[in-house]
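Only one structure is covered here, and it is reproduced in the block below.
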Amino acid sequence: MRKNNTPDIFQTPRRQAQNALIFIVLRTLGRLLSQLWPFLLIMLFSNPDYSSLFYIIITLIFSSVVLITSIISYFRFYYYIKDDKLHIEQGVFRRSQSSVSVARIQNVQLEDNLIHRFFKTVSASVTTAGSSESEFVINSMDRGEAEQLREFVLQRKKSLEQKEEKTEVKEAKSHDFQQLFQLSFSQLFKVGISQNHFRAIGIMMGAVAYLLSQAQEVFRQDIFDWAYTFVGWTNQADYLIIFLLVLILFVLAMMISMITVFFTYYNLRLEISRDQVRLRQGLIRRKEQTAQLRKIQIFDWSTNPIRRMMNFVTVILQQASSTENGGQNTLYIPGCATDHQESLLNSVFKKINLRPSGLQLHPSMVWRYTLFRGLIPAMLAVGASYNLFGYYALFFLLWVPLSYVFNRKLYQSWRVEWDEEHIAIKRGVWNYSVSIMPWYKIQSIEFKQSRFQHRRDLGNLWLYTAGGNLMIPYLELADAYKLQNLILYKAESTKKSWM
Amino acid sequence: MDFTNELIDWSRLPQVQEVQFARLSTNFRVLSMIRASISSFFWAVVILLAIIFIQLWDFYYILGAILFWLILTGFLLLRAWKLFSFKGYALREHDMLYKSGWIWKRLVAVPYNRIQHVEVRRGPLEELLELRKLQIFTAGGSASDLSISGLAPEQAEQLRLFISEKTGLDEEE
């Protein structure tokens with residue numbers, strides 16, 4: 001029955017409208033110009049001789065090959081709808097045939113510019129959910145036909161959505177937002193204090209180093225030598241100076257991050273309705289973000305000791321990426337009080353009741369992490385700074401036991417929890433973070449093993465969603481298989497849409 | 001470790017580990033050997049350029065560079081040869097499995113109802129060897145997409161039809 005609905009014109013393979021050639025050629029010329037303009041400039045301003053003639057010929061040959069290829073590509077591009085699927089064939093040297101189920105098409109966007117209007121055609125871009133790679137562009141097609149195509153796709157989509165609505169409980173969609181919380185001035189201050197100031201210090205040190213190196217260029221004099229003689233690092237009293245400098249640096253960094261926090265998160269308000277959350281913030285640049293609750297893939301929250309003391313966490317809502325929200329896929333909510341976080345979690349993912357899963361990571365994780373994040377970087381640091389510090393460079397090796405202790409703590413902090421609908425992973429030493437995801441939001445699962453892990457029947461399990469990934473490291477093979485089987489079952493046995 | 005859970009009896013779930021994997025076309029071995037040779041040639045050029053520009057006309061440096069290149073080439077060829085036997089795919093009722101890798105082993109599972117679209121690609125080299133590359137796109141970004149190169153044309157076409165049939169079906173009913 002449906003097949004009869006497919007507009008006849010799309011049933012046989014068709015090319016784009018002929019004026020698409022104009023767009024293809026223009027675009028290729030533009031691309032060539034943007035790549036070759038430095039050469040063109042050189043050619044214009046250099047004295048004409050045989051070598052420049054040679055370059056001109058090379059450039060001409062290259063350009064004409066590219067141009068001819070792009071023209072051929074027009075004749076190699078076909079699209080048609082068959083068996084409820086949109087098929088697109090394209091490519092000159094690299095041929096490709098794509099097929100996308102009409103039901104999966106999110107939108108057909110029609111656009112026209114002056115040339116399009118002259119020929120009464122439009123360009124159509126067909127988008128599916130997910131990355132920008134999953135987008136097809138038909139450079140130019142008859143306006144009427146394009147509208148027919150869009151109508152057909154949207155009609156199919158609508159009939160599907162109606163089916164979905166029938167299966168789900170009919171809920172009156174309301175957009176009455178209720179305020180969950182608002183950051184007061186004192187809370188803003190707390191958020192500022194608990195920021196990661198080391199990042200600001202890093203940025204400042206980078207800026208200072210850059211300025212110094214620039215100054216050195218300008219003055220043609222070793223500014224570091226000058227600094228050494230001026231400050232005179234020989235006296236014992238200088239340790240006091242160093243200490244004071246570090247203190248000043250820290251205070252400055254703190255002030256910088258506090259000011260940034262003040263400007264970005266000023267008057268932050270989080271509101272929630274039955275099916276949406278809305279986040280508004282900002283002093284000078286006001287920002288407003290909305291997310292549909294059903295599009296949220298991962299609920300993250302994290303905290304550090306200072307925040308825990310002040311009883312609030314940072315929440316990150318990861319939304320499925322789509323062209324509709326213009327790439328703003330994550331809602332970053334700082335200063336969320338613990339009970340607000342819980343009520344937010346309960347309205348995003350209903351009926352959540354996490355229990356320990358009993359899954360454990362393999363202890364060899366501690367040694368491997370210490371090797372890759374402790375020993376190897378430390379050895380590199382020693383090697384790189386040996387000329388500068390001599391035997392003092394060996395102090396970098398102190399990083400190894402520190403890293404061991406840290407990784408041990410990290411290993412001990414790992415928890416995997418779940419209930420019928422969700423999986424949660426909790427981990428972290430200083431920055432403790434929790435990620436919660438409904439099983440069925442999974443897009444694909446990957447089990448990865450290095451040579452070492454393979455020998456020991458261990459591996460890392462990656463869970464990919466449309467809004468970010470989760471990874472559980474150093475799982476035993478048997479456990480990984482169990483989890484993989486379970487998640488696949490959960491994803492395949494539900495009719496719920498992941499977005 | 002106690003893994004019995006109240007959620008579901010996992011031993012009654014369909015088991016990923018018991019699946020028989022289908023192999024790729026044997027021509028894939030030729031393809032990966034050719035690719036390895038090309039990248040080995042590329043490395044030879046890079047090393048040669050490095051020697052010329054840094055002017056390392058010292059006998060031991062050149063010997064070292066040649067040795068390095070030989071080891072690298074040996075490794076690349078060995079890897080290309082080995083890859084074939086580690087790759088395989090399997091179609092189940094509700095999902096597709098793909099395993100690959102010699103140094104990093106991976107096993108990917110993609111449920112059909114998460115697949116956005118399917119593509120069959122071929123480059124000039126693949127055209128010559130009668131091979132196709134199947135690409136499966138999900139909404140999870142490039143990391144979660146699946147690409148299987150080294151399929152025979154009819155194999156790829158069958159897979160494409162089968163998978164796009166499956167993706168369509170899930171939306172029905």
field: Subset of region B:59-94 that is farther than 30 Å from B:ARG106 by Cβ and in contact with a helix residue (DSSP H, G or I) (Cβ under 9 Å, 6 or more places away or on another chain) - its residue that is surrounded by the most Cβ atoms within 10 Å (Cβ to Cβ)
entry: B:ALA65
message: Can you find, within region B:79-113, the residue that is farthest from B:LYS133 (Cα to Cα) among those that are within 14 Å of another protein chain (Cβ to nearest Cβ) and part of a helix (DSSP H, G or I)?
response: B:ASN113
task: Mind listing just one residue for me: the one in region A:462-499 that is free of Cβ contacts under 8 Å to residues at least 40 places away in the same chain and under 17 Å from A:ALA129 (Cα atoms) and, of those, nearest to the other protein chains (Cβ to nearest Cβ)?
output: A:TYR464
Selection count, region B:136-158, where residues are in contact (Cβ under 8 Å) with a residue 60 or more places away in the chain, on the phi < 0 side of the Ramachandran plot and not polar (S, T, N, Q): 3
- request: Could you tell me whether region A:233-252 includes any residue that is over 25 Å from A:SER347 (Cβ atoms), within 26 Å of the chain's Cα centre (by Cα) and at pLDDT 85 or above?
  value: no
field: Count of region B:114-124 residues which are at pLDDT 90 or above and more than 7 Å from chain A (Cβ to nearest Cβ)
entry: 0
message: Given the criterion of a type in the set (Lys, Arg) and either buried (at least 22 other Cβ atoms within 10 Å of the Cβ) or under 25 Å from A:VAL313 (Cβ atoms) (or both), identify the matching residue among A:LYS496, A:LYS441.
response: A:LYS441
message: Take the conditions surrounded by 19 or more Cβ atoms within 10 Å (Cβ to Cβ) and under 21 Å from A:ASN107 (Cβ atoms) and apply them to A:ILE333. Does it pass?
response: no
- prompt: Would a scan of region A:101-122 turn up a residue that is within 19 Å of B:GLU119 (Cα to Cα), more than 9 Å from chain B (Cβ to nearest Cβ) and surrounded by fewer than 16 Cβ atoms within 10 Å (Cβ to Cβ)?
  reply: no
task: Starting from residues that are among the aromatic types (Phe, Trp, Tyr) and free of Cβ contacts under 8 Å to residues at least 24 places away in the same chain, keep the ones in region B:95-114 and report whichever is surrounded by the most Cβ atoms within 10 Å (Cβ to Cβ).
output: B:TRP102
- prompt: Taking helices (runs of 4 or more DSSP H) that do not extend beyond region A:1-95, which have at least 1 residues that are surrounded by fewer than 14 Cβ atoms within 10 Å (Cβ to Cβ) and in contact (Cβ under 8 Å) with a residue 60 or more places away in the chain?
  reply: A:2-5, A:50-75
field: Wholly within region A:354-457, helices (runs of 4 or more DSSP H) carrying at least 3 residues that are modelled with pLDDT under 95, within 28 Å of the chain's Cα centre (by Cα) and within 14 Å of chain B (Cβ to nearest Cβ)
entry: none
- prompt: If you check every pair at least six apart or on different chains, which have Cβ atoms under 8 Å apart with a residue in region A:185-204 that is among the aromatic types (Phe, Trp, Tyr) first and a residue that is buried (at least 19 other Cβ atoms within 10 Å of the Cβ) and part of a helix (DSSP H, G or I) second?
  reply: A:PHE198/A:ALA253
- request: Please determine, by comparing only the residues of region B:125-150 that are at the interface with chain A (Cβ under 7 Å from one of its Cβ atoms) and buried (at least 24 other Cβ atoms within 10 Å of the Cβ), which one is nearest to the chain's Cα centre (by Cα).
  value: B:SER144
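The values are calculated or read from the model by the stated rules, or taken from the named source; none is laboratory data. For clarity, every value in this text was computed on a predicted model and none was experimentally measured. Heads up, the Cβs are rebuilt from the backbone with ideal geometry, glycines too, and the neighbour counts pull from every protein chain shown.
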